[in-house]
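S.K.: The structure that follows is given in the form of structure tokens.
The values are calculated or read from the model by the stated rules, or taken from the named source; none is laboratory data. None of these values were measured; they are calculated from a predicted model. Cβ placement follows ideal geometry from the backbone for every residue including glycine, while neighbour counts extend to all protein chains displayed.
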Amino acid sequence: MSTDSPTPILELQAFVCRRGGDEVFAPADLVLQAGEILWLTGANGAGKTSFLRGLIGLVEHSCERFAFCGKPLPAARAELLEHCNWIGHEAAMKSEFSIAENLTLDCQQRGRELSQSVEYALAAVGLPELADFPAGTLSAGQRRRAALARLLLRPARLWLLDEPLANLDQASSALLAEVMANFVAQGGALILTGHGQLPSRLQVRELHLEAPAWS
């Protein structure tokens, strides 16, 4: 019987992001397996958003090793972007477009086919029958849930979520926690940020970002 360890979804050694050439946080190591949720923690300004953005190349970063599903970057960059879903803190929806138009356009711009119907995705995040509502008419919490519906429309192995539960009430947080838990139960991996207590449904491992040594 083989005793080989499973190939991690993500492997980082001495990963660090930079702003103006300076380190945002101390170099971090990470091995993230399928079925795991990693919770990034740290003080305000510790670089949690930068960490997520750095993983997909949106901010300057460096590392000794960066591998996605066993393949090192830069060779695996295209595969990482294809199989990673990133949702930032802002909903990033055009106010004058309907929710359905926003979600469909987002997938089209990424060259993706919808893996589920818009109606299915909106029902899963607690927004049934709102597909035709203009995004600008929604509350902050509704816009947040509508943005997170994108996750169910794009096949992926890794989700990167920046404060996914912000602006949500307890019931909505529990609903979205169920969506996240189901994703990792099916073999996905997830990294998220957030303040306060996470819903108990989410079994997380914590990675605390430390200040860089020069501070």
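S.K.: For region 98-108, name all the residues that are in contact with a helix residue (DSSP H, G or I) (Cβ under 6 Å, 6 or more places away or on another chain) and either among the aliphatic types (A, V, I, L, M) or over 24 Å from Leu52 (Cβ atoms) (or both).
M.R.: Scanning region 98-108 gives Ile99, Ala100, Leu103.
S.K.: State all residues of region 170-197 that are under 16 Å from Lys48 (Cβ atoms) and buried (at least 19 other Cβ atoms within 10 Å of the Cβ); if no residue qualifies, say none.
M.R.: Going residue by residue through region 170-197, those that are under 16 Å from Lys48 (Cβ atoms) are 190-196.
Once the filter is applied, which keeps residues that are under 16 Å from Lys48 (Cβ atoms) and buried (at least 19 other Cβ atoms within 10 Å of the Cβ), region 170-197 yields Leu190, Ile191, Leu192, Thr193, Gly194.
S.K.: Quickly run through region 1-49 and pick out the residues that are more than 21 Å from Leu73 (Cα to Cα), acidic (Asp, Glu) and in contact (Cβ under 8 Å) with a residue 12 or more places away in the chain.
M.R.: Within region 1-49, Asp22, Glu36 qualify.
S.K.: So for region 46-53 (the condition being buried (at least 16 other Cβ atoms within 10 Å of the Cβ), in contact with a helix residue (DSSP H, G or I) (Cβ under 9 Å, 6 or more places away or on another chain) and either assigned to a loop (DSSP other than H, G, I, E, B) or of a type in the set (Phe, Trp, Tyr) (or both)), does at least one residue qualify?
M.R.: There is at least one residue in region 46-53 that is buried (at least 16 other Cβ atoms within 10 Å of the Cβ), in contact with a helix residue (DSSP H, G or I) (Cβ under 9 Å, 6 or more places away or on another chain) and either assigned to a loop (DSSP other than H, G, I, E, B) or of a type in the set (Phe, Trp, Tyr) (or both).
S.K.: Out of (1) touching a residue at least 12 places away in the same chain (Cβ under 8 Å); (2) not in a strand (DSSP E or B), what's the single condition that is false for Asn182?
M.R.: Condition (1) is where Asn182 drops out.
S.K.: Kindly provide the set of residues from region 168-212 that are under 19 Å from Asn44 (Cβ atoms) and outside the structural domain of Ile9 (by TED's automatic domain parsing), ordered by number.
M.R.: At the first step, the residues of region 168-212 found to be under 19 Å from Asn44 (Cβ atoms) are 191-198, 206-212.
Hits for region 168-212: nothing passes.
S.K.: Okay, next question. When the residues of region 87-144 are narrowed to those that are surrounded by 16 or more Cβ atoms within 10 Å (Cβ to Cβ) and among the hydroxyl-bearing types (Ser, Thr, Tyr), which ends up modelled with the highest pLDDT?
M.R.: Restricting to residues being surrounded by 16 or more Cβ atoms within 10 Å (Cβ to Cβ) and among the hydroxyl-bearing types (Ser, Thr, Tyr), the top hit is Ser98.
S.K.: If you check every pair at least six apart or on different chains, which have Cβ atoms under 6 Å apart with a residue in region 81-103 that is within 17 Å of Gly141 (Cα to Cα) first and a residue that is of a type in the set (Asp, Glu) and buried (at least 20 other Cβ atoms within 10 Å of the Cβ) second?
M.R.: Gly88/Asp162; His89/Asp162
S.K.: Among the candidates Ala34, Ala14, which residue alone is at pLDDT 90 or above, surrounded by fewer than 15 Cβ atoms within 10 Å (Cβ to Cβ) and aliphatic (A, V, I, L, M)?
M.R.: On the way: Ala34 fails: surrounded by fewer than 15 Cβ atoms within 10 Å (Cβ to Cβ).
That would be Ala14, the only listed residue that is at pLDDT 90 or above, surrounded by fewer than 15 Cβ atoms within 10 Å (Cβ to Cβ) and aliphatic (A, V, I, L, M).
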